[in-house]
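Novice: I have a structure I would like to understand better, so I am pasting it below and will then ask my questions one at a time.
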Amino acid sequence: MADKKEKKSPLFYERNFVWEEIDEKAKKAVFSVSEDYKAFLDAGKTERESVKEAIRRAEKEGFVPFSSVKKLTAGTKFYCENKGKMVALVVVGKEPLEKGLNVVGSHVDAPRIDIKQNPMYEDSGLTLLKTHYYGGIRKYQWVATPLALYGKVIKRDGQSVDIAVGDKDEDPIFYISDLLPHLAKDQNTKTLREGIEGESLNVIVGSLPHDDKDEKNKFKRNILEILNQKYGIEEEDFISAELEIVPAGKARDVGFDRGLIAAYGHDDRVCAFTSLRAIFEVKNNAKTAVALLVDKEEVGSEGSTGMHSEFFNNLVSEMIELENSKRSNGLTLRRTLANSSVLSADVAAALDPTYPSVSEKLNTAVIGKGVTIVKYTGSGGKGGCNDANAEFVGKIRKLFNDNKINWQTSELGKVDQGGGGTIAYILANHNMDVVDIGVPVISMHAPYEVVSKTDVYETYKAYLAFYNNYL
Ligand code: MN
Ligand code: MN
């Protein structure tokens, strides 16, 4: 029989639960940071709303728009927004830019259901909107549940109007129907993937007829009248609109002991939030610190607001020009990027005790064991992955150990079970050192995902240590 507290040789590698490692003061900080995180989530249910909230917080912390920065000196704090869906926050360091930047890159888009361009129709006493889902959703999870509608409409005259309905207590919600079990005999024989089809994700937005007796489409007309009164829009305005259906409701604590948070969009607003918290606290940094919040990660990072966009390179070029008070040349930009270090800040799949068979226990993140280092992503033999080199992972591991960060490692499920990617490879293609570092999540991409408060806290501490140190 072994002693109660078995002495282990220091030669072994093993990770413990954060809760057992931290003192009372840190435990208090875990809960306090979590309250702030829930407020951030509730203020930003879409990429546009998240960017707005990030800028609101940045301005409170003394960050100014990049357009108002005349000279770059150590400690200069600014933000640069791109088309309302992407934002970079920067704290200038003491070293020249060419020595490289310390970048934490997260994404603020999340899987959701987008409204089509010509969406509205009436059928059988209901008014509905056609949709096209965005990102990797499991469609059956989005039916028969309260939904909210967010977005922007550009009107005929070019004016824009913002719409946000479904999250205030007095708001109505929206709804996608599902079959009753009594009549689901045929549907029940289908696979989960086919049970709910993409074209069945029609959102109910109305049910009262307009009182014009001669109107052929009374139900649709009634909704168009309401929208016109409230927002001054007409049916053609849907063409130039981005309207998104997301789960209605606030972030909530999970469990009697309140150690977890269930919310929409932990992927990847949890890394956006923790990198924001970290960059707000950066002081006397040697290398210039950047928190990059990007869009379109869930659909391949393409487009003007995705990581593939030239936005970031253009911004760094502008910064180089400001720093030197002369035209930046392409070579300086390339050197700056090649000398940069990046934490690709994205969530990891946590081991789910109800579905352990998809994970390989030695190499999966466990909820509550801290921030996760994911050396490589990809699928089917590391296909399409950024595989961080051992040298860089070694630096990060030392950094975390030196700063008493509780960290673990993981990969995305068992070999050949599936896979996925992040923005890591895009930045790595510019010859930057990049590794994925983030928060383990249960039920990723579901309307409500789950994270541990301790892991949120350790991730924020990890990003702060990264910003404050010279790698
Ligand atoms: Mn993600
Ligand atoms: Mn994702």
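The values are calculated or read from the model by the stated rules, or taken from the named source; none is laboratory data. Note that the structure is predicted; figures quoted are calculated from it, not measured. Every residue, glycine among them, receives a Cβ derived from its backbone with ideal geometry; neighbour counts consider all protein chains shown. The protein model used for the area step is the full one, side chains on, heavy atoms only, and it has no ligands, DNA or RNA in it. Shrake-Rupley method; radii C 1.70, N 1.55, O 1.52, S 1.80 Å.
Novice: Has region 125-137 got any residue that is under 14 Å from the mean Cα position of the chain (by Cα), at positive phi and open to solvent by 10 Å² or more (accessible area, probe 1.4 Å)? Give the derivation first.
Specialist: Start the filter on region 125-137 by keeping residues that are under 14 Å from the mean Cα position of the chain (by Cα), which leaves 134-136.
Retained after the next criterion (residues that are at positive phi): 135.
Okay, now just the ones that are also open to solvent by 10 Å² or more (accessible area, probe 1.4 Å), so 135.
Checked region 125-137: at least one residue is under 14 Å from the mean Cα position of the chain (by Cα), at positive phi and open to solvent by 10 Å² or more (accessible area, probe 1.4 Å).
Novice: Kindly indicate which of 61, 21, 14 is of a type in the set (D, E, K, R), out of contact with any helix residue (DSSP H, G or I) (no Cβ under 6 Å at 6 or more places or on another chain) and surrounded by 10 or more Cβ atoms within 10 Å (Cβ to Cβ).
Specialist: Within the list 61, 21, 14, the selection yields 21.
Novice: Follow-up question, since we're still on this one. With the condition kept exactly as written, say whether any residue in region 309-326 is within 14 Å of ligand 1 (Cβ to nearest atom), in contact (Cβ under 8 Å) with a residue 60 or more places away in the chain and touching a helix residue (DSSP H, G or I) at 6+ places or on another chain (Cβ under 7 Å).
Specialist: no
Novice: If the requirement is being open to solvent by 80 Å² or more (accessible area, probe 1.4 Å) and either among the aromatic types (Phe, Trp, Tyr) or within 30 Å of residue 52 (Cα to Cα) (or both), which of these qualifies: 239, 223?
Specialist: So the residue among 239, 223 that is open to solvent by 80 Å² or more (accessible area, probe 1.4 Å) and either among the aromatic types (Phe, Trp, Tyr) or within 30 Å of residue 52 (Cα to Cα) (or both) is 239.
Novice: For the subset of region 252-303 comprising residues that are of a type in the set (Gly, Ala, Ser) and within 24 Å of residue 367 (Cβ to Cβ), which member is most open to solvent (accessible area, probe 1.4 Å)?
Specialist: Checking each candidate, the answer is 255.
Novice: Which one is most open to solvent (accessible area, probe 1.4 Å), of the residues in region 106-122 that are under 19 Å from residue 296 (Cα atoms) and more than 16 Å from ligand 1 (Cβ to nearest atom)? Break it down into steps so the answer makes sense when it comes.
Specialist: As a first pass, look at region 106-122 and keep what is under 19 Å from residue 296 (Cα atoms): 106-117.
After this cut, where a residue has to be more than 16 Å from ligand 1 (Cβ to nearest atom) as well, the list is 113-117.
Details: 113: 0, 114: 35, 115: 13, 116: 61, 117: 83 Å².
Filtering first and then ranking leaves 117.
Novice: Which count do you get for residues in region 441-465 that are under 17 Å from the mean Cα position of the chain (by Cα) and away from ligand 2 (no atom under 13 Å from the Cβ)?
Specialist: Qualifying residue count, region 441-465: 13.
Novice: Right, next: Is it the case that some residue within region 96-105 is open to solvent by 60 Å² or more (accessible area, probe 1.4 Å), charged (D, E, K, R) and closer than 29 Å to residue 217 by Cα?
Specialist: No, there is no match, as no residue in region 96-105 is open to solvent by 60 Å² or more (accessible area, probe 1.4 Å), charged (D, E, K, R) and closer than 29 Å to residue 217 by Cα.
Novice: List every residue pair whose Cβ atoms sit under 7 Å apart, with the two residues 6 or more apart in sequence or on different chains, where the first one lies in region 133-145 and is of a type in the set (A, V, I, L, M) and the second, anywhere, is modelled with pLDDT of 95 or more and within 16 Å of ligand 2 (Cβ to nearest atom).
Specialist: If the second residue must be modelled with pLDDT of 95 or more and within 16 Å of ligand 2 (Cβ to nearest atom), the pairs left are 137/111; 137/445.
Novice: Right, another one. Answer with yes or no whether residue 420 is within 16 Å of ligand 1 (Cβ to nearest atom), out of contact with any His (no Cβ under 8 Å at 6 or more places or on another chain), more than 26 Å from residue 469 (Cβ to Cβ) and open to solvent by less than 70 Å² (accessible area, probe 1.4 Å).
Specialist: yes
Novice: Let me ask you something else. Being basic (Lys, Arg), in contact with a strand residue (DSSP E or B) (Cβ under 6 Å, 6 or more places away or on another chain), open to solvent by 20 Å² or more (accessible area, probe 1.4 Å) and touching a residue at least 12 places away in the same chain (Cβ under 8 Å) is true for just one of 83, 71, 77, 45. Which residue is that? Write out each step before concluding.
Specialist: Numbers: 83 fails: in contact with a strand residue (DSSP E or B) (Cβ under 6 Å, 6 or more places away or on another chain); 71 fails: in contact with a strand residue (DSSP E or B) (Cβ under 6 Å, 6 or more places away or on another chain); 45 fails: open to solvent by 20 Å² or more (accessible area, probe 1.4 Å).
Exactly one residue qualifies, and that residue is 77.
Novice: So which residues in region 25-42 are farther than 17 Å from residue 247 by Cβ, in contact (Cβ under 8 Å) with a residue 12 or more places away in the chain and open to solvent by 40 Å² or more (accessible area, probe 1.4 Å), if there are any at all?
Specialist: 31, 36
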